[in-house]
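> If you scroll down you'll find the structure; I have some questions about it.
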Amino acid sequence: MEDRIAQLGTDARARIAAAADLEALRCIERDLLGKQGPLAEILASIPSLDKAERPAVGRLANVLKCELLAVAAERREVLEAELLAAERSCEDFDPTLPARPARRGSLHPITRVRRRVEDVFTSMGYRILEGPQVELDYYNFQALNIPADHPAREMQDTFYCTGSGNLVMRTHTSPVQVRTMESVEPPYRVISLGRVFRKEEQDATHDHTFHQVEGLVVGEDVTAGHLIGTLRSLLAHLFGRELDTRLRPGYFPFVEPGFELDVRCPFCEGGCRVCGRTSWIEFCGLGMVHPRVFAASGVDSERYTGFAFGFGLDRLTMMLLGIDDVRHFMAGDLRFLEQF
Ligand code: DAH
């Protein structure tokens, strides 16, 4: 056995010394030192040897293993140095060339505006909640007072998922309201921001995927005055000055009364492309939480009142950053994204 180890050592040293490149060296190392290699085999056979023979064989095999690892490492260094020298001596090697610039990513414009909106609301004591993008029909429609045969479903046609349960791609962030009311005891102030989906004809102001912000406040004595004040102060923070707003009646099945809040166009006096020459921009749907929505989520509507609002982040981002086509957001074109 000792002779065999000595012979193995001689062969192995010769093979390593002859390795022509790094890849060949890697193969040789795997052959010699791997789990199926001759050294591993010798070590595994020790228990079956004569007791007297075992210590010497064990020692020799381990010494050889260490030696071969060292010899291989030395050979690797030589081969790497040769490779580098070859690359450097090549004609077009120019060490004075500047390094390739590392490409820096940037935050998506919607993410930037989303963070600004989050900052304003967290400073007003709101918590930020997440909801699933693939949602149960129940939370997206039914619990929001939009039963299966309700005409309001038509305005929010979406992508229905076949198979398991009644799943839809959520059409708005309002389902997070119901999930919150079901699981948290009032009082609370929450917002939820994220992607929503609708089956839309795509044009400069419509895309199949967009982003919304939902707000919900429930407590004792929460009023529509609080709601309007909150939204006006959000706008003032975002635009850096008070903006003129107007409130119109609006129908949303999950609020009563329901409103729409318009903002006087911050870009013009008397009409421009952004406001469609009307001077007003529709900004937000809002209202007082409907007693049926409270009932569906187990909130006592005798004791509590609440307000809710929802607006699109895409349109807000377009207004704040001066972007004229919503389709840019999802196109993944770096020439667009790198501007922000
Ligand atoms: N979910 C509505 C939509 O997508 C927006 C909305 C309107 C949300 C009124 C609300 C609300 O919370 O009170 O059109």
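The values are calculated or read from the model by the stated rules, or taken from the named source; none is laboratory data. In this text, all values refer to a predicted model and were calculated from it rather than measured experimentally. Please note: Cβ atoms are built from the backbone with ideal geometry, for glycine as well, and neighbour counts cover all protein chains shown. To get the accessible areas, we keep the full protein, side chains included, count just its heavy atoms, and leave off ligands, DNA and RNA. Shrake-Rupley method; radii C 1.70, N 1.55, O 1.52, S 1.80 Å.
> So, in region 285-340, of the ones that are among the small types (Gly, Ala, Ser) and in a helix (DSSP H, G or I), which residue ends up nearest to the ligand (Cβ to nearest atom)?
Kept after step one, since they are among the small types (Gly, Ala, Ser), are these residues of region 285-340: 285, 287, 295-298, 301, 306, 308, 310, 312, 322, 331-332.
In the following step, the residues that additionally are in a helix (DSSP H, G or I) were identified as 295-296, 331.
Numbers: 295: 17, 296: 15, 331: 23 Å.
Checking each candidate, the answer is 296.
> For region 297-340, which positions are closer than 18 Å to residue 203 by Cβ, of a type in the set (Asp, Glu) and modelled with pLDDT of 90 or more?
Correct list: 314, 333.
> Still on this structure, please answer the following. Would region 190-207 turn up any residue that is over 20 Å from the mean Cα position of the chain (by Cα), at pLDDT below 95 and among the aliphatic types (A, V, I, L, M)?
Checked against the condition, which is being over 20 Å from the mean Cα position of the chain (by Cα), at pLDDT below 95 and among the aliphatic types (A, V, I, L, M), region 190-207 yields at least one hit.
> Additional query: Looking at the structure I just gave you, is residue 274 touching a residue at least 24 places away in the same chain (Cβ under 8 Å), within 16 Å of the ligand (Cβ to nearest atom) and not aromatic (Phe, Trp, Tyr)? Lay out the reasoning, then the answer.
Values: touching a residue at least 24 places away in the same chain (Cβ under 8 Å): yes; within 16 Å of the ligand (Cβ to nearest atom): no; not aromatic (Phe, Trp, Tyr): yes.
Considered against the rule, which asks whether it is touching a residue at least 24 places away in the same chain (Cβ under 8 Å), within 16 Å of the ligand (Cβ to nearest atom) and not aromatic (Phe, Trp, Tyr), residue 274 comes out as no.
> Has region 142-150 got any residue that is within 15 Å of the ligand (Cβ to nearest atom), touching a residue at least 12 places away in the same chain (Cβ under 8 Å) and either on the phi > 0 side of the Ramachandran plot or not assigned by TED's automatic domain parsing to the domain that holds residue 216 (or both)?
yes
> Take residue 227 and decide whether it is in a helix (DSSP H, G or I), aliphatic (A, V, I, L, M), farther than 25 Å from residue 141 by Cα and within 16 Å of the ligand (Cβ to nearest atom). Talk me through it step by step, then tell me what you get.
Working: in a helix (DSSP H, G or I): yes; aliphatic (A, V, I, L, M): yes; farther than 25 Å from residue 141 by Cα: no; within 16 Å of the ligand (Cβ to nearest atom): yes.
No: the conditions fail for residue 227.
> Just to be sure before I move on: is residue 175 more than 13 Å from the ligand (Cβ to nearest atom) and either at pLDDT 95 or above or of a type in the set (A, V, I, L, M) (or both) in the structure I sent? If you could, list the steps in order and put the result at the bottom.
Values: more than 13 Å from the ligand (Cβ to nearest atom): no; either at pLDDT 95 or above or of a type in the set (A, V, I, L, M) (or both): yes.
In short, no.
> So is residue 86 modelled with pLDDT under 90, loosely packed, with under 15 Cβ neighbours inside 10 Å and not aromatic (Phe, Trp, Tyr) or not?
Numbers: modelled with pLDDT under 90: yes; loosely packed, with under 15 Cβ neighbours inside 10 Å: yes; not aromatic (Phe, Trp, Tyr): yes.
Answer is yes for this residue.
> Scan region 47-82 residue by residue and report those that are open to solvent by less than 30 Å² (accessible area, probe 1.4 Å) and either of a type in the set (D, E, K, R) or free of Cβ contacts under 8 Å to residues at least 40 places away in the same chain (or both).
Result: 58, single match.
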